[in-house]
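Undergrad: If you scroll down you'll find the structure; I have some questions about it.
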Amino acid sequence: MARLYVDGNTARFTRKDICLVDMELFGGEKVEDLEPRRLFPVSGRMKYISLLDAEGKEHAIIRDVETLDPDSKEVILDCLREYYLIPKITGLLDRTEKYGILKWTVQTDRGVQQLRIRNRNADIKQLYDGRILVRDSNDNRYEIIDYRKLDKNSLRLLSADI
Amino acid sequence: MNTESVLTNKEVPGSIRDAFAEKLGPDEQLLFVVVGDLSLKADYSETALGVTETGFLVYDPERDDHVKTYRHEDVAEAKVKRMYGNARLRVDFRDGTHEDVFRFTYAVATLADMAATFIKNVADGKAPEEEYEVVRATYEKLMNVCPKCGRTLLHPGAECINCQSKGKIVKKLVKYVKPETKTLVLCLFLSVLTTAVALVPPYMTGRLVDSVLPDKNRKALLWIVIALFGTYLFQYLIGALRGYLLRVSGDRIVLSLRNDVYKKAQSLPLRFYDKTSTGSVINRISGDTNTIQAFMLRISQEVVVQFFLGVGIIVIMLILNWRLTLLSLIPVPLVVVGAKIFGRKILPFYRRIWRRWAGVVSVLTDTIPNIRVTKSFAGEERTVEKFKSYNNEWLNVDTSAAKISTVFPHIVSFFVTCGSLLIWSVGGGWVISGTGGLTTGLLVSFLSYASMFYGPVNFFAYLNDSYQHALSSVEKVFDILDAEDEADEAKGNCPPIRGRIEFKNVNFSFDRTKKVLSDVNITIEPGEIVGIVGTTGSGKSTLVNLLMRFYDNYEGEILVDGENIKNIDLQYFRSQIGYVQQDPMMFSDTVYNNIAYGKPDAHVEEVIHAAEVANAHEFIARQPDGYDTVLGERGVGLSGGERQRVSIARAVLKNPSLLIFDEATAAVDSETEHLIQEAIERLISGRTTLMIAHRLSTLRKANRIIVVDQGRIIENDTPEALMELKGKYYKLVQIQTMADQLAKSKAEEKFE
């Protein structure tokens, strides 16, 4: 069966629940209770959004959220915002290292958070575009959008770990 | 219900405690509190879920009234919905409405799971007292962490392996240096000797300049030259001997360190390898141990020698001329301060270099063993490009480090050289004016000693650099040495195994993001042949991984013959299991040794018999080198089906009590499948057997089928009963029968 890709205004989405949407296709076909999930949560966050039902079966893929009509786009983005919690680290306030475990106190867009990093080599991934992905000891994710734009003190603290 | 205290994952803030107290009924008592970390709007915030015998309360500062209360009796369903980086406790009420009552990060997801189960079970009429016992056990297990580092302890009260061994680095390394103490002390003695002898020539030079040459005393000149010759000969002979001894003991140190790291790498649990690339482990065993060895020798030898040399020279210099000595010490504080700054700056670079280098090694370990795949997809150029880019990354960081590590010593040398200019100008002035009691010879001797003195100064300036370099290697090596071993607390407990297997309330997730197994309850009687079916990713292999004790961090219990498998000697337990994988791993060794891997002392005929049972003997006998055929890396030289039969022979030889086949015939053709099937049927008679299979035809001997779907056991009965049930198993059979028929008719078409 060919995969159904949704572009532009070939489909309309309405919010059903916090993370659920109803999809109405241009031809009139309706599918209810679909959960939008990113197929590329790291590399292409606004592209290729899979729409899954409660059984985990995929009903369609949105090629690019940006091409949807404004209301549908907002609905999908709201759902993704609710589903994916990846606080953006905007500054490092403190860094300590004891017994091989790193403890960072960070300022994020969600507030101040203290996190433990068990393995500096495996849990801090630096990407080529200046992005840094961080995983804490509880498997929560964080992101530094561009470490080069951090303040001087944060950079100084971070430089020990990247 | 009376409880001594309220169970909680951390101290409940006063404001939350007060807010809860206001809402509790007169006789209502909190049983447990889950202190959360996210508001419903996903901002970091102190929230809490408090549970009582009759209801639950949620504190969220972003709610208008902060606390909302709910009754258990109104609840139809309570479940944790895991999302990405956060999760919610969703409650369906009996009136048909639903609500996300509590939001949190994965830090408290397990406790929220437990709370959801408590709420649901009490709402369904189960006794709160019994449910509370489960809650208490979960809290005890979760709170069983090291107060220093927060790592989970092996058992309550256990000493934290991580903190216990994180003493001073030198203390840890002493263990490896200790066996070489005698040789190292001898080397040290030889060093002191050569150092002492090295102090003689400058003195002789002074005598030459001051008295022998002006007096034109040929005899004295000859004696001094002979003495100098003897000194040099002694110095270099002893130096060569010391170098040899040092090298040999250094090799022994690195050998024992490398052995220990390798041994440890063998006993690490699989979850260590889930998160650490094999490339970086290999890098630690091969490269980092060498760096540490070099550093240990430096610390145990050079530091002492250079220290004595420095002190010796200073004493002589003070005797020669104390004022000039003070002058020559002027650059020293600069060197000390500079070294400190340098150390701080260079460490992050060494860490970065290590990481980049581990990246380079990981490309190697990824691509060289997979060279066949690379070639078959014409991916050579891409691979080379990838390697180049990683290599360039390493070069960039190394170049940045080189700037610091080369510029700094040169700055030091510059100041040191300026120190000698001071001696020349001041000391030379004294010689010319005849003041200060300084002669030309004394000045020449003094300058020689001064230049020798800067040797130890330079050494100590560089020492920080090599210390920092070694420190980053030590960290990596001790990452392995200090990592927790596979838990094996029941060494020596080797009960006979009949083969009754029980999974009791087993829940498991590799990390906290997704539950892989939920509420698994199965009982398998001795001698039963059980087929495990389900779609890809449903959790079939995980079930087996838990039984094999590859992962121990699950909730619930797995019992074999009534005994928790965690209480059975790990090696003995695994030796009782015959495990045949879909893609059997072969070692680069003979076919014979590959079969005898699990029983190296097996008699030749036992091995041949095992091969016969596994339908492997015939193809082995056809090989020119028979059982001596040496397999290439990972079994190159044998077909997939042949490798599979060798691995079955391995299992036969082991004579195990339990047998596990994980998709054993998935990757072979029908004829080979038939041969393997035959071998399996011979092997399984009378043994408890678990067979994971996609091809349901493999399960024709199974007397029970377990269907796994999304980590849950959804069907568990005889094949006939499941066919009658017309559930998932029935559907799978239907689909496969249709597929088989289609394949058969296509094959017939082609044949015609």
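The values are calculated or read from the model by the stated rules, or taken from the named source; none is laboratory data. Just so it is clear, the model here is predicted, and its values are computed rather than measured. Cβ atoms come from the backbone with ideal geometry, glycine included; neighbour counts cover every protein chain shown.
Undergrad: What tally of residues in segment A:91-121 results from selecting those that are β-branched (Val, Ile, Thr) and at the interface with another protein chain (Cβ under 9 Å from one of its Cβ atoms)?
TA: Residues that pass the stated criteria total 3.
Undergrad: If you check residue B:485 against the conditions, is it closer than 22 Å to residue B:272 by Cα and surrounded by fewer than 15 Cβ atoms within 10 Å (Cβ to Cβ)?
TA: yes
Undergrad: Regarding residue B:665, is this residue touching a Gly at 6+ places or on another chain (Cβ under 9 Å) and either part of a loop (DSSP other than H, G, I, E, B) or modelled with pLDDT under 85 (or both)?
TA: Numbers: touching a Gly at 6+ places or on another chain (Cβ under 9 Å): yes; either part of a loop (DSSP other than H, G, I, E, B) or modelled with pLDDT under 85 (or both): yes.
Yes, satisfied.
Undergrad: Also: Are any of the residues in segment A:62-73 over 29 Å from residue A:21 (Cα atoms), part of a strand (DSSP E or B) and touching a helix residue (DSSP H, G or I) at 6+ places or on another chain (Cβ under 8 Å)?
TA: Kept after step one, since they are over 29 Å from residue A:21 (Cα atoms), are these residues of segment A:62-73: none.
Within segment A:62-73 (the criterion being over 29 Å from residue A:21 (Cα atoms), part of a strand (DSSP E or B) and touching a helix residue (DSSP H, G or I) at 6+ places or on another chain (Cβ under 8 Å)), the answer is no, since none of the residues qualifies.
Undergrad: Might you let me know whether segment A:85-97 holds any residue that is hydrophobic (A, V, I, L, M, F, W, C), in a strand (DSSP E or B) and farther than 23 Å from residue B:347 by Cα?
TA: Scanning segment A:85-97, I find at least one residue that is hydrophobic (A, V, I, L, M, F, W, C), in a strand (DSSP E or B) and farther than 23 Å from residue B:347 by Cα, so the answer is yes.
Undergrad: Only one residue in A:80, A:85 is more than 9 Å from chain B (Cβ to nearest Cβ), surrounded by 17 or more Cβ atoms within 10 Å (Cβ to Cβ) and more than 15 Å from residue A:157 (Cβ to Cβ). Which one?
TA: The unique qualifying residue is A:80.
Undergrad: Here's a follow-up. Read through the list (1) within 28 Å of residue A:137 (Cα to Cα); (2) within 14 Å of chain A (Cβ to nearest Cβ); (3) among the polar types (S, T, N, Q), then give the number of the only condition that residue B:97 fails.
TA: (1)
Undergrad: Another one. So which residues in segment B:505-535 are in contact (Cβ under 8 Å) with a residue 60 or more places away in the chain and among the hydroxyl-bearing types (Ser, Thr, Tyr), if there are any at all?
TA: Once the filter is applied, which keeps residues that are in contact (Cβ under 8 Å) with a residue 60 or more places away in the chain and among the hydroxyl-bearing types (Ser, Thr, Tyr), segment B:505-535 yields B:513, B:518, B:535.
Undergrad: Just for segment B:48-76: of the residues that are of a type in the set (Val, Ile, Thr) and in a strand (DSSP E or B), which one is nearest to residue B:120 (Cα to Cα)?
TA: Step by step, filter segment B:48-76, then rank; the result is B:75.
Undergrad: Another one. State all residues of segment A:23-51 that are within 14 Å of chain B (Cβ to nearest Cβ) and either more than 18 Å from residue A:78 (Cα to Cα) or in contact (Cβ under 8 Å) with a residue 40 or more places away in the chain (or both); if no residue qualifies, say none. Steps first, answer last, please.
TA: Narrowing segment A:23-51 to residues within 14 Å of chain B (Cβ to nearest Cβ): A:33, A:35-42, A:45, A:49-50.
Scanning segment A:23-51 gives A:35, A:36, A:37, A:38, A:41, A:42.
Undergrad: Right, something else. Against the definition (under 30 Å from residue A:133 (Cβ atoms) and not hydroxyl-bearing (Ser, Thr, Tyr)), how does residue B:50 come out, yes or no?
TA: Against the criterion (under 30 Å from residue A:133 (Cβ atoms) and not hydroxyl-bearing (Ser, Thr, Tyr)), residue B:50 does not qualify.
Undergrad: While we're looking at this one, here's another question. Determine which single condition residue B:91 fails, assuming it passes every other condition in (1) farther than 30 Å from residue A:134 by Cβ; (2) surrounded by 14 or more Cβ atoms within 10 Å (Cβ to Cβ); (3) touching a residue at least 12 places away in the same chain (Cβ under 8 Å); (4) away from every other protein chain (no Cβ under 14 Å).
TA: (4)
Undergrad: Output yes when any residue across segment A:109-128 is β-branched (Val, Ile, Thr) and over 21 Å from residue B:511 (Cα atoms), and no when none is. Walk me through how you get there before you give the answer.
TA: Of segment A:109-128, the ones β-branched (Val, Ile, Thr) are A:112, A:117, A:124.
Still in the list and also over 21 Å from residue B:511 (Cα atoms): A:112.
Within segment A:109-128, one or more residues are β-branched (Val, Ile, Thr) and over 21 Å from residue B:511 (Cα atoms).
Undergrad: Failed condition for residue B:517, given (1) touching a helix residue (DSSP H, G or I) at 6+ places or on another chain (Cβ under 9 Å); (2) at negative phi; (3) surrounded by fewer than 20 Cβ atoms within 10 Å (Cβ to Cβ); (4) not assigned by TED's automatic domain parsing to the domain that holds residue B:637, with all others met?
TA: Every condition holds for residue B:517 apart from (3).
Undergrad: To continue, here is another question. Out of the residues in segment B:355-385 that are over 23 Å from residue B:476 (Cβ atoms) and surrounded by 12 or more Cβ atoms within 10 Å (Cβ to Cβ), state the one that is farthest from the other protein chains (Cβ to nearest Cβ).
TA: B:371
Undergrad: Quick one: is residue B:291 in contact with a Leu (Cβ under 7 Å, 6 or more places away or on another chain) and polar (S, T, N, Q)?
TA: Judged against the criteria, residue B:291 is not a match.
Undergrad: If you go through segment B:537-547 one residue at a time, how many are within 13 Å of chain A (Cβ to nearest Cβ) and without any contact (Cβ under 8 Å) to a residue 60 or more places away in the chain?
TA: Within segment B:537-547, residues that are within 13 Å of chain A (Cβ to nearest Cβ) and without any contact (Cβ under 8 Å) to a residue 60 or more places away in the chain number 1.
Undergrad: Here's a follow-up. Within segment B:431-442, restricting attention to residues that are of a type outside the set (Gly, Ala, Ser), free of Cβ contacts under 8 Å to residues at least 24 places away in the same chain and assigned to a helix (DSSP H, G or I), which residue is surrounded by the most Cβ atoms within 10 Å (Cβ to Cβ)?
TA: Among them, the one singled out is B:431.
Undergrad: If you take the residues of segment B:39-73 that are out of contact with any Leu (no Cβ under 8 Å at 6 or more places or on another chain) and within 21 Å of residue A:107 (Cα to Cα), which of them is nearest to the other protein chains (Cβ to nearest Cβ)?
TA: B:43
Undergrad: So which residues in segment A:122-162 are within 11 Å of chain B (Cβ to nearest Cβ), assigned to a helix (DSSP H, G or I) and either within 25 Å of residue B:83 (Cα to Cα) or within 20 Å of the chain's Cα centre (by Cα) (or both)?
TA: Hits for segment A:122-162 are A:122, A:123.
Undergrad: Could you say which residue among B:107, B:112, B:116 is at pLDDT 90 or above, part of a helix (DSSP H, G or I), buried (at least 20 other Cβ atoms within 10 Å of the Cβ) and within 14 Å of another protein chain (Cβ to nearest Cβ)?
TA: Result: B:112 is the single residue among B:107, B:112, B:116 that is at pLDDT 90 or above, part of a helix (DSSP H, G or I), buried (at least 20 other Cβ atoms within 10 Å of the Cβ) and within 14 Å of another protein chain (Cβ to nearest Cβ).
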